[in-house]
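A short write-up of the structure that comes next.
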Amino acid sequence: MTRSGFVALAGRPNVGKSTLVNAIVGRKVAIVSDKPQTTRRAIRGVATGPPAADPPAADPAWQLVIVDLPGVQRPRDVLTERMQRRVEQELEGADAALVVLDGAQGVGGSGDRFIAAALTRADVPIVAAVNKVDRLDRAGAARALTAAADLLPGAEVFPLSARSGARVGPLVEHLVSLLPEGPLYFPPEQRSDVPLGTELAELVREQVLARARHEVPHAVEVEVEELERRGEDLQVVRARIWVETESQKGILVGAGGRMVKAIGTAARREIEARLGTRVHLDLSVRVRRRWRADEGLLDRLGID
């Protein structure tokens with residue numbers, strides 16, 4: 001019998017949530033950044049298990065939909081209100097919740113406790129993944145696992161390394177065991193529910209986040225305006241980087257346009273890897289004051 005369902009994924013900034021999603025799915029579907037509160041959409045990564053071998057079956061044995069939640073936080077503007085509302089909606093519809101903890105930084109701080117309390121209120125089975133245990137010695141790993149068990153009494157705790165993929169398999173097996181029986185939600189070959197334009201915009205934003213500092217990462221959003229195929233081996237992508245002030249625009253454009261060129265070059269490589277073809281990326285930076293409070297723009301960007 002096929003099992004399928006949704007697992008909500010939460011954790012503090014920089015604990016490796018997006019890296020873990022990509023490891024489970026087997027392809028990059030969530031951007032990776034060391035900047036806090038930069039996941040704005042509930043990204044769904046889809047992992048589909050192979051057909052049962054004994055007896056042979058035509059259909060996959062399971063489908064696990066991992067929902068990488070926006071940061072659990074107290075809303076401070078329209079954007080974060082929408083993000084928090086989406087967190088609550090996704091938790092209501094989840095079959096289980098997965099908390100990612102950073103074993104290398106320490107488990108059980110105020111951020112971990114805030115997230116644990118929020119998930120406990122959702123009344124779904126909770127699983128803990130203690131990430132980055134490959135950076136710990138045996139005693140350090142034991143302390144991290146004990147702290148995770150104390151933080152989430154009754155939760156199954158799994159040590160792993162999302163970056164290398166070590167011990168991710170047992171976690172996936174356990175998550176699948178929590179899913180109800182039911183049909184697949186997505187075709188077996190699909191890896192994400194994110195529209196292609198949004199996925200490519202996120203790859204551009206990832207490169208902005210890798211280079212921006214201070215207030216700029218939180219004031220940036222990217223919108224793909226047009227996708228145009230030219231011939232058999234060239235994809236044209238026209239994208240716009242939104243910021244809130246002229247000073248932020250100046251930072252991203254850089255002296256002589258060097259910053260935006262570096263962003264475009266790195267993003268183009270990522271997009272080419274994703275699409276498997278040559279890409280011409282036409283990138284511009286525009287100012288839209290208080291875009292984070294602009295309901296119309298947030299709707300257009302798909303941040304609901």
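The values are calculated or read from the model by the stated rules, or taken from the named source; none is laboratory data. Keep in mind the model is a prediction, meaning the values are calculated, not measured. As a convention, Cβ positions derive from the backbone with ideal geometry for all residues, glycine included, and neighbour counts pool all protein chains shown. Just so you know, the surface numbers come from the protein's heavy atoms only, side chains and all, with ligands and any DNA or RNA stripped out. Shrake-Rupley method; radii C 1.70, N 1.55, O 1.52, S 1.80 Å.
Is it the case that some residue within segment 80-101 is crowded, with 18+ Cβ neighbours inside 10 Å, over 11 Å from Ala10 (Cβ atoms) and at pLDDT 85 or above?
Initially, segment 80-101 is screened for residues crowded, with 18+ Cβ neighbours inside 10 Å, giving 80, 82-84, 86-87, 90-91, 94-101.
With over 11 Å from Ala10 (Cβ atoms) added as a condition, the list becomes 80, 82-84, 86, 95-96.
Subsequent filtering for residues that are at pLDDT 85 or above retains 95-96.
Looking for residues that are crowded, with 18+ Cβ neighbours inside 10 Å, over 11 Å from Ala10 (Cβ atoms) and at pLDDT 85 or above, one finds at least one in segment 80-101, hence yes.
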Exercise for review: Pairs only if they're at least six apart or on different chains, beta carbon under 6 angstrom, first in segment 267-285 and free of Cβ contacts under 8 Å to residues at least 60 places away in the same chain, second loosely packed, with under 13 Cβ neighbours inside 10 Å; list them, first residue then second.
Suggested key: Thr277/Asp233; Arg278/Asp233; Arg278/Leu234
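Condition check ((1) at pLDDT 80 or above; (2) touching a strand residue (DSSP E or B) at 6+ places or on another chain (Cβ under 9 Å); (3) in a strand (DSSP E or B)) across all residues:
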| site | (1), (2), (3) |
| --- | --- |
| Leu20 | yes, yes, no |
| Arg27 | yes, yes, no |
| Asp34 | no, no, no |
| Arg40 | no, yes, no |
| Ala47 | yes, yes, yes |
| Gln63 | yes, yes, yes |
| Val67 | yes, yes, yes |
| Gln73 | no, no, no |
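Filter segment 168-187 down to the residues that are part of a loop (DSSP other than H, G, I, E, B) and more than 22 Å from Ile31 (Cα to Cα), then identify the one that is least open to solvent (accessible area, probe 1.4 Å). Show your work before the answer.
Narrowing segment 168-187 to residues part of a loop (DSSP other than H, G, I, E, B): 178-180, 182-187.
Within this subset, residues satisfying the condition of being more than 22 Å from Ile31 (Cα to Cα) are 178-180, 182-185, 187.
Details: Leu178: 54, Leu179: 2, Pro180: 55, Gly182: 20, Pro183: 104, Leu184: 55, Tyr185: 124, Pro187: 59 Å².
The extreme case among them is Leu179.
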Practice item. Go through (1) at pLDDT below 95; (2) exposed (fewer than 13 other Cβ atoms within 10 Å of the Cβ) and name the single condition Asp294 misses. Key: (2)
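Sort out which residues of segment 214-224 are open to solvent by less than 40 Å² (accessible area, probe 1.4 Å) and assigned to a helix (DSSP H, G or I), and write them in order of number.
Let us first name the residues in segment 214-224 that are open to solvent by less than 40 Å² (accessible area, probe 1.4 Å), namely 216-217, 219-224.
Answer for segment 214-224, where residues must be open to solvent by less than 40 Å² (accessible area, probe 1.4 Å) and assigned to a helix (DSSP H, G or I): Val216, Pro217, Ala219.
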Point to revise | Subset of segment 21-37 (residues that are over 14 Å from Leu203 (Cα atoms), buried (at least 20 other Cβ atoms within 10 Å of the Cβ) and touching a helix residue (DSSP H, G or I) at 6+ places or on another chain (Cβ under 7 Å)) | key: Ala23, Ile24
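Can you give me the number of residues within segment 274-304 that are assigned to a helix (DSSP H, G or I), more than 21 Å from Lys28 (Cβ to Cβ) and in contact with a Leu (Cβ under 9 Å, 6 or more places away or on another chain)? Walk me through how you get there before you give the answer.
Initially, segment 274-304 is screened for residues assigned to a helix (DSSP H, G or I), giving 274-275, 291-293, 295-301.
Pick out the ones that are also more than 21 Å from Lys28 (Cβ to Cβ) and you get 291-293, 295-300.
In the following step, the residues that additionally are in contact with a Leu (Cβ under 9 Å, 6 or more places away or on another chain) were identified as 291-293, 298.
Qualifying residue count for the region: 4.
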Review point. Can you name the residue in segment 143-154 that is open to solvent by 10 Å² or more (accessible area, probe 1.4 Å) and assigned to a helix (DSSP H, G or I) and, of all such residues, is farthest from Val99 (Cα to Cα)?
Key: Arg143
**Study point:** Residue identified as assigned to a helix (DSSP H, G or I), within 25 Å of Asp299 (Cβ to Cβ) and touching a helix residue (DSSP H, G or I) at 6+ places or on another chain (Cβ under 9 Å) among Ile263, Ile251, Ile271, Ile241
**Key:** Ile271
Practice item. Within segment 155-162, identify whether any single residue is open to solvent by 30 Å² or more (accessible area, probe 1.4 Å) and of a type in the set (Asp, Glu), and answer yes or no. Key: yes
Study note, to complete from the structure: Picking from Val157, Val133, the residue that is farther than 14 Å from Val99 by Cα and of a type in the set (Val, Ile, Thr) would be Val133
Review point. So is Asp134 closer than 26 Å to Leu91 by Cβ, among the charged types (D, E, K, R) and not in a strand (DSSP E or B) or not?
Key: no
Revision key, fill the gap. Subset of segment 89-131, residues more than 20 Å from Val7 (Cβ to Cβ), of a type in the set (S, T, N, Q) and part of a helix (DSSP H, G or I), comes to Ser110
**Study point:** Residue match in segment 225-244 (condition: open to solvent by less than 40 Å² (accessible area, probe 1.4 Å) and without any contact (Cβ under 8 Å) to a residue 40 or more places away in the chain)
**Key:** no
Exercise for review: Read through the list (1) of a type outside the set (D, E, K, R); (2) modelled with pLDDT of 95 or more; (3) open to solvent by 20 Å² or more (accessible area, probe 1.4 Å); (4) within 20 Å of the chain's Cα centre (by Cα), then give the number of the only condition that Gly111 fails.
Suggested key: (2)
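Give segment 188-213 a look and list any residue that's of a type in the set (A, V, I, L, M, F, W, C) and either open to solvent by 30 Å² or more (accessible area, probe 1.4 Å) or not in a helix (DSSP H, G or I) (or both), or say none.
If we filter segment 188-213 for residues that are of a type in the set (A, V, I, L, M, F, W, C), which is where we start, we get 194, 196, 200-201, 203-204, 208-210, 212.
Matches in segment 188-213: Val194, Leu196, Ala210, Ala212.
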